[in-house]
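Heads up, the thing below is written out as structure tokens.
The values are calculated or read from the model by the stated rules, or taken from the named source; none is laboratory data. All figures in this text were calculated on a predicted structure; none of them were measured in a lab. Cβ placement follows ideal geometry from the backbone for every residue including glycine, while neighbour counts extend to all protein chains displayed. Heads up: the accessible areas ignore ligands, DNA and RNA and are worked out on the full protein's heavy atoms, side chains in. Shrake-Rupley method; radii C 1.70, N 1.55, O 1.52, S 1.80 Å.
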Protein chains: 4
Amino acid sequence: MKRIGILTSGGDAPGMNAAIRAVTRRALDKGLEVFGINYGYAGLVAGDIFPLTASDVSDRIQRGGTFLYSARYPEFAKEEGQLKGIEQLKKFGIDALVVIGGDGSYHGALRLTEHGYNAVGLPGTIDNDIPYTDFTIGFDTAVTTVIESIDKIRDTATSHERTFVIEVMGRGAGDIALWSGVAGGAEEIVVPEREFDIAQVADRIKRGREKGKKHMLVVLAEGVMHADEFMEKLNEYGDFQARATVLGHVQRGGSPTARDRVLASKMGAYAVDLLEEGKGGVAIGIENNQLTYHNMLDLFDGKHKPDLDLYDLNKSLSR
Amino acid sequence: MKRIGILTSGGDAPGMNAAIRAVTRRALDKGLEVFGINYGYAGLVAGDIFPLTASDVSDRIQRGGTFLYSARYPEFAKEEGQLKGIEQLKKFGIDALVVIGGDGSYHGALRLTEHGYNAVGLPGTIDNDIPYTDFTIGFDTAVTTVIESIDKIRDTATSHERTFVIEVMGRGAGDIALWSGVAGGAEEIVVPEREFDIAQVADRIKRGREKGKKHMLVVLAEGVMHADEFMEKLNEYGDFQARATVLGHVQRGGSPTARDRVLASKMGAYAVDLLEEGKGGVAIGIENNQLTYHNMLDLFDGKHKPDLDLYDLNKSLSR
Amino acid sequence: MKRIGILTSGGDAPGMNAAIRAVTRRALDKGLEVFGINYGYAGLVAGDIFPLTASDVSDRIQRGGTFLYSARYPEFAKEEGQLKGIEQLKKFGIDALVVIGGDGSYHGALRLTEHGYNAVGLPGTIDNDIPYTDFTIGFDTAVTTVIESIDKIRDTATSHERTFVIEVMGRGAGDIALWSGVAGGAEEIVVPEREFDIAQVADRIKRGREKGKKHMLVVLAEGVMHADEFMEKLNEYGDFQARATVLGHVQRGGSPTARDRVLASKMGAYAVDLLEEGKGGVAIGIENNQLTYHNMLDLFDGKHKPDLDLYDLNKSLSR
Amino acid sequence: MKRIGILTSGGDAPGMNAAIRAVTRRALDKGLEVFGINYGYAGLVAGDIFPLTASDVSDRIQRGGTFLYSARYPEFAKEEGQLKGIEQLKKFGIDALVVIGGDGSYHGALRLTEHGYNAVGLPGTIDNDIPYTDFTIGFDTAVTTVIESIDKIRDTATSHERTFVIEVMGRGAGDIALWSGVAGGAEEIVVPEREFDIAQVADRIKRGREKGKKHMLVVLAEGVMHADEFMEKLNEYGDFQARATVLGHVQRGGSPTARDRVLASKMGAYAVDLLEEGKGGVAIGIENNQLTYHNMLDLFDGKHKPDLDLYDLNKSLSR
């Protein structure tokens, strides 16, 4: 192996730039050459590929988003698209690849590995919804952005003694809601992994008020329902002066936290090490604070497990 | 005058606590006594009134919201409500009042002044929509919160080369949109004070793309229309990969900026000085960097003028 | 066990308030009573003790410092001090204690346990220098504060093409330097756990400049030497336009990060659970992402191990 | 006039990039060409000059520092240096210049104007120490950075009931100390413009403690003396558990605040307008919220006046 390509795919996540930097610097440190591929698989097929030097990734570790851009490209699911991509790899002399993105982007990586181009996947998504890793790159930053918003909303909630329903990202996974709910001191966390009863929520809010609680914050994962819908259902049980707010796209951006930068740096370096050992078709994770890797096929069968202890913890702390 | 009361009214704004602190400390420094009134006019009528010491307002200057709470209380528009309030002022021996809030809350203050209880108003609202002041307490913090969000959204917008429609607060006034649009480097600012043509917006976005712009940010004041509606109209003119986001209630909260803390401190101290001079029925402003005051009647007739030079400035800078 | 006391001891750390909240709420949820003890062991001996309700710890999770105050109190090392403390525990009917602080504060906790008052320790210190835990409460926030400073200094370093020596906290342990060095993209990390050669550092800086590096950041743990001294030694090897800066006390304060809030919440609840099981003289840790506890005697013999892989990682990423 | 050059000179300040962007975009909008000059006057003499396009200044408004770099270059004080610079202006066909920096950098601008190359100065410095302007570009951001630090230090000061002496930038001018002292709720502000008596400071701290103040914060401008020296003097009057901290270089960096971005945008555009009107040898200011300009000769004779009302205000609010 002499030349590594890097691409980012799917939704952008804070820390992707830190991962690109780590892959680039580690590879250069080992005497390899590195090429950046713009716009994910779309750029691979189109040949939007260019050499990366050490200084190209300077002053990037702290930036949100991905300077290699990202794009959806469903055409890569078909063999025709893959073969075009391989043609470009040949043309640029790229032997191996690092793919940073959600597990959807691992399918393409696995196909390339099967065609003889080892590809290693890095979990880059704010949703934390990838199997065999406790944390994804970008998750800690997203939670941080959410709690900064919750801290601001709490000011208003307290000043007006109101109930706020705060919708956070997480279509399939409640991780952002669980972490930011506990860290934000929410009275209720509503996630797809646990059933909830709106009458009980209303009841808890009422009891909270009677106890003198100045604010009631409900953190709601978008996968359950829309914040407006939740608020309407809630209002059937009483006048809670409730307000709904959807935090939206701010959750994807921002300078990565220290945790995300360190995680991305570790994983990026490890990806190069694995490629050097001839590994391919594997995805990197962090489990019990140790770097691990698993066959991508196992990931497609696996299921991410959110830390539901946080759900129960919050029940006892939000009384 | 021996005893001053303070209340906050209407929507909460960052810097209200700094203003309460300044009123309290200045009054104590002049040998006066100070009483806090919870929940605005509602608390005045209910007698939810308590003495404030210097240490009660310690460690408050940096907190968002208002620790005196705020509440809507339309009943105070009627004389019956006012008389109940005056009864409480008598009971607690309060001679004069500082009212912090939007100009809606000045009506009550004017009535109390007419009944012999001098009241001075401080402009506390994030919207900056009060006549005879260049800035209101809370506005700078709200703009700061908005540009932090814009900076985050820009990461994603750039990574995916998308157009974002970002709805910010400001029902009647475009100030937040104007300031955050210029400071956020938005391609378009849409405010109630200026007409706009969606076809032209679409055209500018197209031309921006052709010139290689990686992102297009439209900052939209809520008073114009909802972000979703704007996005739908925009999509009639082409595929802009547009996303709409409503920043919502986070704009009201958060630790006040240095500017808002200093402005609130100056205005709070000045309010006590004016009361000491026997002034009442007046509202404080900052005009051309100088503290001023105007009769509240003039404010009700007046109209806030946003800095529309910013609109024109942005046109030439967003090319 | 019916009544739990809580105190914070040693240097304050962000997340201590979140831990106090968690202990209080969990204990109340289990039907126990909770008492706060001000000023650490000094307040215990003086009887500065008061009941804590659920609402006393409301709106605390996001605050830096400790609302129970902290103080040094070497007198508690002697039995005389301990007996006075026990008298107070008897007087207030407190059966068991949670002590939040560095491992120095565990000695007192162990003595109380030996006298029949079970005490559980929580690792609250920004330095991360406690054995048998991967992370202490406050460490993540301190690292976050440091990288925010590094990100700011990098602006100036780049604009003027200068070398900066940034001294961070950590007398005995290099953890803050290691994490913030990697996350801040430092060119050099200097920690007590690894030898360094100033001539080599100077050489690396020179080579970096030749390669076109716009800035050189050296992150230095205070335990090694003072930043000014380091800079002087460096200047013997050439003109690096070096500047030294000591981040200082800001590293102790600030609103805790999401990680620290969640860690403090988990540990605080776990402390109550352990006390309920009759455990005492033990300290809680998080190891490989799992909550654990160890006998305090083992901690006194143990030695904290920083993640020195980060040191080697940084060598290959800072080229 | 067809072609404008831009350079930044002296210490970097947040908002310089926003100013460069505004100059560039405004000039392009008027059909002019724009050239960036790296490293201030040093780069002018060396011919380190390159064309700037609209997209070169994209995504810059939010960045700290200056992407045109800055450097000291005393050689430009001599005519020889100036003539070399003029040679380069001729070579690149540059007719006029915008110089962003402290008033020291205006001397070179005036010389160039005298040689027939109109130059307009923009006040870019965190110190706010330039005559004929109420605010300089970068000042608001520096104050913001300082109060974020003060807010963090207050956590520790409160938790341990300590006195902190916080040294902030400002060699000749006390502006940063005045604004951040008021905004940070400091008990004492010490600036070069006002005499102080250390015995009185000590006395005020003592009285504060007796009144139950949990913390005492002294904000000290570096121009008065070093924080350590102040602390030592203070300790002669009693045991204040005082700690000294020097905020240092972080004050120069960071993403500019909304205020600084708007101010830089306004001033940058105005500079182009003035050049177009044939003005040269003038410096732009903002006075009483209006853009103004003055002959540079007047600035050299003038003296910056800090807002000392803030000093007196703080006396009455910190009781």
Can you tell me the relative contact order of the range C:141-253? Whole percent, Cα pairs under 8 Å, sequence separation 6 or more. 40
Report ³J(HN,Hα) in whole Hz for each residue of the range D:213-227, in order, from the Karplus equation J = 6.51 cos²θ - 1.76 cosθ + 1.60 where θ = phi - 60°; Gly and Pro get x. 4, 8, 8, 9, 10, 10, 9, 10, 6, 4, x, 7, 5, 6, 4
Would you mind telling me the share, in percent, of accessible area of the protein assembly as shown contributed by carbon and sulfur at probe 1.4 angstrom? 44
Contact order normalised by length for the range D:191-319, with contacts defined as Cα pairs under 8 Å and 6 or more residues apart; what percent is it? 15
Under a point-charge model restricted to the Cβ atoms of Lys and Arg (+1) and Asp and Glu (-1), what is the dipole moment magnitude of chain C relative to its Cα centre, in debye to the nearest 20? 700
Would you mind classifying the range A:141-253 by shape? Square roots of the alpha carbon gyration tensor eigenvalues, ordered a ≥ b ≥ c; an a/c under 1.5 is rounded, otherwise it is prolate if a/b is larger than b/c and oblate if not. oblate
Quick one: if you stick a label point 7 Å off each Cα along the C-beta vector at A:Asp298 and B:Gln200, how many nm between them? 6.1
For B:Asp312, inter-copy label distances in nm, listed shortest first [label point 7 Å out on the Cα-Cβ vector]: 3.9, 6.5, 6.7
Toy charge model, Lys and Arg Cβ at +1, Asp and Glu Cβ at -1: the range D:132-264 dipole around Cα centroid in debye, rounded to 20, equals 400
Helix-only estimate, please: 222 nm mean residue ellipticity of chain A, summing -39500 (n - 2.57) across DSSP H runs of length 4 or more and dividing by its residues, to the nearest 500. -12500 deg cm²/dmol
Rounded if a/c under 1.5, otherwise prolate or oblate - the range C:1-76, Cα gyration tensor axes: oblate
Which number comes out as Rg/Rh for the protein assembly as shown once both Rg and the Kirkwood Rh are worked out on C-alpha atoms? 0.95
Can you give me the Cα centroid spacing of the range C:248-319 and the range B:188-249 in angstrom? 48
Between the range B:1-41 and the range A:153-169, how far is it from one alpha carbon centroid to the other, in angstrom? 24
With everything on Cα atoms, drop me the angle between helix B:139-160 and the longest principal axis of chain B, reported from 0 to 90° to the nearest 10. 20
Whole angstrom only: what separates the Cα centroid of the range D:90-122 from the Cα centroid of the range B:77-124? 57
Compute the convex hull volume of the Cα atoms of the range B:261-319, divide it by the residue count, and report the result per residue in Å³ as a whole number. 101
Local charge sum around A:Lys214 (other residues, Cβ-Cβ under 12 Å, Lys/Arg +1, Asp/Glu -1)? +1
HN-Hα couplings for the range A:306-318 via Karplus (6.51, -1.76, 1.60; θ = phi - 60°), in whole Hz with x for Gly/Pro, come out as x, 7, 6, 4, 5, 4, 5, 4, 5, 4, 7, 8, 9
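With every protein chain kept in place and ligands, DNA and RNA left out, what is the accessible area per residue of the range A:141-253? Probe 1.4 Å, answer in Å².
In whole numbers, the range A:141-253 has 34 Å² accessible per residue.
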GluC sites (Glu not before Pro) within the range C:199-289: DSSP coil, no more than 16 neighbouring Cβ in 10 Å: C:Glu236, C:Glu277
Among A:Ile205, A:Leu178, A:Val246, which residue has its Cα furthest toward the positive end of the charge dipole of the range A:141-253, with +1 on Lys/Arg Cβ and -1 on Asp/Glu Cβ? A:Ile205
Can you tell me the 0 to 90 degree angle between the C-alpha axis of helix A:198-210 and the longest principal axis of chain A, rounded to 10? 60
One residue of chain A has its C-beta nearest the axis rotating A onto B; that residue and its distance in whole Å are A:Val246, 3
Buried solvent-accessible surface, both chains (C, D), 1.4 Å probe, Å² to nearest 100: 2500
Length-normalised contact order of chain B, Cα under 8 Å, at least 6 apart, in percent, tallies to 24
The protein assembly as shown, dipole about Cα centre (Lys/Arg Cβ +1, Asp/Glu Cβ -1), debye to the nearest 20: 0
As I understand it, the value is the acute angle between the Cα axis of helix C:16-29 and the longest principal axis of the Cα atoms of chain C; what does it come to in degrees, rounded to 10? 30
